[in-house]
1. Facing another protein chain (nearest Cβ under 9 Å) and without any contact (Cβ under 8 Å) to a residue 24 or more places away in the chain: which single residue out of B:E214, B:E199 fits that description?
2. B:A74: surrounded by 15 or more Cβ atoms within 10 Å (Cβ to Cβ), small (G, A, S), part of a helix (DSSP H, G or I) and touching a residue at least 12 places away in the same chain (Cβ under 8 Å), yes or no?
3. List the residue pairs whose Cβ atoms are under 7 Å apart, where the first residue sits in the stretch A:82-107 and is surrounded by fewer than 12 Cβ atoms within 10 Å (Cβ to Cβ), the second is in a helix (DSSP H, G or I), and the two are 6 or more positions apart or on different chains.
4. Could you check, for the stretch B:257-270, whether at least one of its residues is part of a strand (DSSP E or B) and more than 14 Å from chain A (Cβ to nearest Cβ)?
5. May I ask you to verify whether B:L98 is among the aliphatic types (A, V, I, L, M) and in a helix (DSSP H, G or I)?
6. So for the stretch B:31-53 (the condition being among the β-branched types (V, I, T), away from every other protein chain (no Cβ under 14 Å), touching a residue at least 12 places away in the same chain (Cβ under 8 Å) and assigned to a loop (DSSP other than H, G, I, E, B)), does at least one residue qualify?
7. Within the stretch A:57-67, does at least one residue satisfy the condition of being closer than 23 Å to B:R31 by Cα and either crowded, with 18+ Cβ neighbours inside 10 Å or at pLDDT below 95 (or both)?
8. With over 23 Å from B:F177 (Cα atoms) and surrounded by fewer than 18 Cβ atoms within 10 Å (Cβ to Cβ) as the only criterion, which of B:D110, B:D130, B:D118 stands out?
Amino acid sequence: MSFAFDDASPIYRQIADRIRGEVLSGELEPDKPVMSTNQYAAFYRINPATAAKAFQLLVDEGVLYKRRGLGMFVSPDAREKLRAERRERFFEDVVEPMLAEARSIGIPVSEIIRRIEVHEHEEQDE
Amino acid sequence: MTVRVEARNLSLDYGDVEAIRDVSLSLADGRIYGLLGRNGSGKTSLMSLLAGFRRPTAGEALVDGEPVFENGNATRKVCLIREGADTVDSMEKVEAGLEFAARMRPYWDDAYARRLLDRFELSARKKVGDLSRGQRAALAVTLGLASRAPVTMFDEAYLGLDAPSRYVFYDELLRDFMEHPRLVVVSTHLIEEVSLLFEEVLILHEGRLILQDEAEAFRMRGANVIGPRDTVDRFVAGMTVLERRELGPTASAVVYGEFDDHLRRKAVEAGLEVGPLPLQDLFVHLTSSQEGEDDRS
């Protein structure tokens, strides 16, 4: 279909990931309403039950909360919570795969550290 | 008032040909089902039985617990749309087709039918016999959607539509389904394009129902494991392997079953690559490998 979902994980998880991303980036603000299940379903051309499953997952995680008759809203602490989770996973998800790649192609760790330090200095100079 | 469709040990023979063999299923209201099968797998026969177009050779087709064949009370709730709007006489105008549907279909929404014709850019004044294949398909899906029947089935009816019109159909199907939830069955052999619309999928193969599952769960059941031959073989030992291929020292195996995160991690730790399997591929493997197994036995 016209929206690029990949086959590697269930569609509802990919939708939940996108919503989490929007909360992290601040596009979705605390205590502001999120589009309805039906709007998501129509937009992505997916079964509404799939969209509902994504929302339920985010409610269970505390990223969204439900207000009776009004729909879904972003939890006030959702962004901070997601940031904390990502920080926890940063080394496992980002640094370790990078080190594995570096090892396999023969880049020494000292070289990586040097590059990061140069980068840091450049940013401080700006 | 919710509607329910059931088949109990349903069979249909055409002479010596067993079109449907011992199919049992239960379909619930408020869901969109995808009925998948290769050409000749029995999709049309099964839908014809569920719609009461044909009398079962054995078993029962039930709507709300009542046998559907020659039962006006049951057939009134069901609308089966086949390719090419074959319920409308080719000498008639599109308009006459709509009027006929309005008389026959207790839940018919005439205003909606006319909005759909507009969206498909089809004039009600045209003679049905003069319509192109795509226009006939547009008329067919219009009759199905506007029927608002509690059980609405589309038997590949939309496949004659060109790509932009197919997307109009998908959008309208979803939108109208959300506004007026009902039991929808869509049969197809082109899976990739419509699979996201389905809540559940049913797979027919050689007249038998070989699978009924949540679409999302089914999507996750296949995986492609690639790596050194021995490692792959050790890893997939005991799993259902649908296909195995070799390229020099490398092997790839298509496996079927619950492939969860734990198993995925184990594969990666063993130095294997795990690739996803598109729904269409999984379907192809399931409906061709079975044949292979039959040959071997």
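The values are calculated or read from the model by the stated rules, or taken from the named source; none is laboratory data. All values reported here derive from a predicted model rather than from experimental measurement. Quick reminder, even Gly has a Cβ in these numbers, built from the backbone with ideal geometry, and neighbours come from all protein chains shown.
1. B:E214
2. Criteria met by B:A74.
3. From residues that are surrounded by fewer than 12 Cβ atoms within 10 Å (Cβ to Cβ), there are no pairs.
4. So far as the stretch B:257-270 goes, no, none of its residues is part of a strand (DSSP E or B) and more than 14 Å from chain A (Cβ to nearest Cβ).
5. It is true that B:L98 is among the aliphatic types (A, V, I, L, M) and in a helix (DSSP H, G or I).
6. No.
7. yes
8. B:D130
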